[in-house]
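Reading through the structure tokens given below for one structure.
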Amino acid sequence: MRYLFLGAGAVGGTIGGRLHQSGHDVVLVARGPHLTALRKDGLRLTTPDGTHHLPVPAIGGPDEIDLMPDDVLVLAVKTQHSTELLDQWAPRPVAGGGTAGERLPLVCAQNGVENERIALRRFARVYGMCVWLPSTHLEPGRVSAAGSPRSGMLHLGRYPQGTDGLADRIAADLTASFFDAPVTDRVMEWKYAKLLGNLGNALEAVAGPIDGELREQVWQRVQAEGRAVLAAAGITHPSSDEQRATRANRVTLVPLNGEQRGGGSSWQSLMRGTGDIEADWLNGEIVLLGRLHNIPTPVNAALQQLAGAFAREGRPAGSLPDADLAALLL
């Protein structure tokens, strides 16, 4: 199989780089300065076992490659960029007949729970992947992943449910490439559990690390709203105990020489000045479910709006005054 990573940032770059290290056929799809750096010098992947300079092929879009029947597309961008990429790739022809949307599997290696639904409108074979992968992308051509002894845990399954032989093959490749990759028929339940954790992304992005009494109070309120709306919607997910037991000490963050992990994916978006952020699909998912089920979600709504404003206005990550943060609790 050949893996095409539609998005080569922290997640796509790490998974693609690790697969490449293990001898698999990988192509990274990127844009702008990141693409330029990948084409010029390859991917620089820093992990606890060192910094690796990987000559992974990189392209800018589907017009630069001929798709083959054994290709696997891995969508690894934030949700706000999913539709554009899916619309570019779904109609592309595949050798032997048919289009990518008709013939090729698409794996959603993304946060949130909306990507699979968006993808299923365009691709007949969609797989969900719950990404537990502490990784960072702040500079063109460079990504880092601080997990040890495994780089990450990647639950994988068919969408909307089930498993199949292809999921087993992908999982085997990942398992041989520094990841744990459990195949599950309840992958979306794992992604809803991850969603609850990702509700802190916006808080961290606008107010800094979640430490101290004030930020802990806001964090508890954010999670309480999330748990309430999932319960009202009848959405089940693994408990915190099940998650801890599954992950155990398989992915432990360790310091990386010359690298500093300052924050998660939303914080990284602000640091790179991308102009957009994923809060509409994380905190915004809780807001949506709250409105559907008549459950108030004021703190998630406020963080969704704040994160969007920070991204649009180019405000520095972590710069929200404590007084403004405290006002969310009133």
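The values are calculated or read from the model by the stated rules, or taken from the named source; none is laboratory data. Keep in mind that this is a model prediction, so the values were computed, not measured. We place every Cβ from the backbone using ideal geometry, glycine too, and count neighbours over all the protein chains shown. Ligands, DNA and RNA are excluded from the accessible area calculation, which covers all protein heavy atoms including side chains. Shrake-Rupley method; radii C 1.70, N 1.55, O 1.52, S 1.80 Å.
When the helices in the chain are scored as -39500 (n - 2.57) per DSSP H run of 4 or longer and the sum is shared across all residues, what 222 nm value do you end up with, to the nearest 500 deg cm²/dmol?
-12500 deg cm²/dmol
Please give the solvent-accessible surface of residue 49 in Å², to the nearest 10, using a probe radius of 1.4 Å with every protein chain present. Here the residue's solvent-accessible area equals roughly 90 Å².
Place a +1 charge on the Cβ of each Lys and Arg in the chain and a -1 charge on the Cβ of each Asp and Glu, then give the dipole magnitude about the Cα centre in debye, rounded to the nearest 20.
Details: 31 positive and 35 negative charges, 33 e Å.
Value, rounded to 20: 160 debye.
Element breakdown for the chain at a 1.4 angstrom probe: carbon and sulfur atoms account for 50% of the accessible area. For the chain, the antiparallel share of DSSP beta bridges with both residues in that region comes to about 40%. Labels on offer are (i) 54; (ii) 50; (iii) 62, and the one holding percent of Cα pairs over 25 Å apart computed from this structure is (ii).
Computed from backbone phi with θ = phi - 60° and the Karplus coefficients 6.51, -1.76 and 1.60, the 3J(HN,Hα) list for segment 266-281 is 5, 4, 5, 4, 5, 5, 7, x, 5, x, 9, 8, 8, 4, 4, 9 Hz; x is used for glycine and proline. Bridgeable aspartates and glutamates around residue 194 (alpha carbons under 19 Å apart, same-chain partners fewer than 8 residues away excluded): 114, 116, 180, 185, 204, 216, 225, 241, 242, 278, 280, 285.
So with the 1.4 Å probe, I'd like the accessible area per residue for the chain, rounded to whole Å². Write down the numbers at each step before the final one.
Values: 13670 Å² over 330 residues.
Heavy-atom accessible area per residue stands at 41 Å².
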